[in-house]
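Structure first, then comments.
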Amino acid sequence: MDRIVLGYDGSDFSVQALDWALDEAELRNLPLTVVHAWQWPYGDADEEAKAHLRKAAEHVLWHGAECARSTSSGIRVETDLYEGPAAQRLVELSGRAALLVVGSRGLSALPRAVVGSVAGYAAAHAECPVIVVRGPGPLPKATRPGPVVLAEREPEAPIVEFAFAEAALRGLSLVASADLGEWPARHPDVRIEPGEAHERATLVVVGRPRAAHLGTASSLPQHAPCPVAVVPGDHPRP
């Protein structure tokens, strides 16, 4: 639980994820690990061809790390270059991460599968909470940020704790339809608003479904107006 992990592939979509990951690292005072994976996709290849591809991957990773260092307020930025499937590496690193951040190409007019195999696999299998950030380009800075939304009617404790923690870190209210019991007393600095959704939400928080597939969580990154946090619950992993 000693770092924020970011999946970065150099796309405009991962630029938004980079912005969010930097915010999390600065708010939590944790280092950021920028991860880029590569693999030769065409079967057998000579070492020279693979070396060129690796060099390109190194450049992508360097660019992401330099962007992070130049725009952060001094957090430590580390890099991780991996030869193999990106989703596999992100899940491996999630065991020591406080949070995993990934970008998504998901759009409301497209099938759920378009959310992205890397984002979907990470959200389904990571050992830490995963924030899926939608859309290309830098995140716009809202002059009046909206609330954190807890989109679960019967949330397990880790999901509730994560939602309160995000709201507290960002100085935002928490919208929830669930009965939160004693949780508001534990977090007196977070204002609670009843409700189920909010068009100006800063973050939507959901629990990871018990089934091996993502189910509802896999469609949320497409329909929510903001990044979505998928949080493992108390139940055993499938």
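Every number in this text was worked out from the coordinates using simple rules, so none of it is lab data. Bear in mind that the values here come from a model prediction, so they are computed numbers and not experimental data. No Cβ is skipped: glycine too gets one built from the backbone with ideal geometry, and neighbour counts run over all protein chains shown.
Which order, highest average first, do 226-232, 79-85 follow once you tally other Cβ atoms within 10 Å for each residue and take the mean per peptide?
Descending packing order for the listed peptides: 226-232, 79-85.
Quick check: residue separation of residue 92 and residue 12 times 0.36 nm, minus the Cα distance between them. What number comes out in nm?
Full extension of this stretch gives 26.4 nm more.
If you plug each phi of the stretch 148-162 into the Karplus form 6.51 cos²θ - 1.76 cosθ + 1.60 with θ = phi - 60°, what whole-Hz ³J(HN,Hα) values come out, in order, with x for Gly and Pro?
Once θ is set to phi - 60°, the couplings for the stretch 148-162 become 7, 10, 8, 9, 9, 7, 10, x, 7, 3, x, 5, 5, 4, 5 Hz.
Output ³J(HN,Hα) for the stretch 92-99: one whole-Hz value per residue in order, computed from phi by the Karplus curve 6.51 cos²θ - 1.76 cosθ + 1.60 with θ = phi - 60°, and x for Gly and Pro.
The phi angles translate into 4, 6, 5, x, 10, 9, 7, 7 Hz.
How far apart, in nm, are two points set 7 Å out from the Cα along the Cα-to-Cβ line at residue 189 and at residue 144?
Once both label points are built, they end up 2.4 nm from each other.
Residue 38's amide H: which non-local residues (gap 5+, or another chain) put their own amide H closer than 5 Å, with H modeled 1.01 Å from N in plane and none for Pro or chain starts?
82, 83, 84
Under a 5 Å amide H to amide H cut-off, with H placed in plane at 1.01 Å, what residues pair with residue 78 once short-range neighbours are removed?
HN-HN under 5 Å from residue 78: 32, 33, 34.
Label point 7 Å out from residue 47 along Cα-to-Cβ: which residues of the stretch 75-90 have amide N under 20 Å?
82-84
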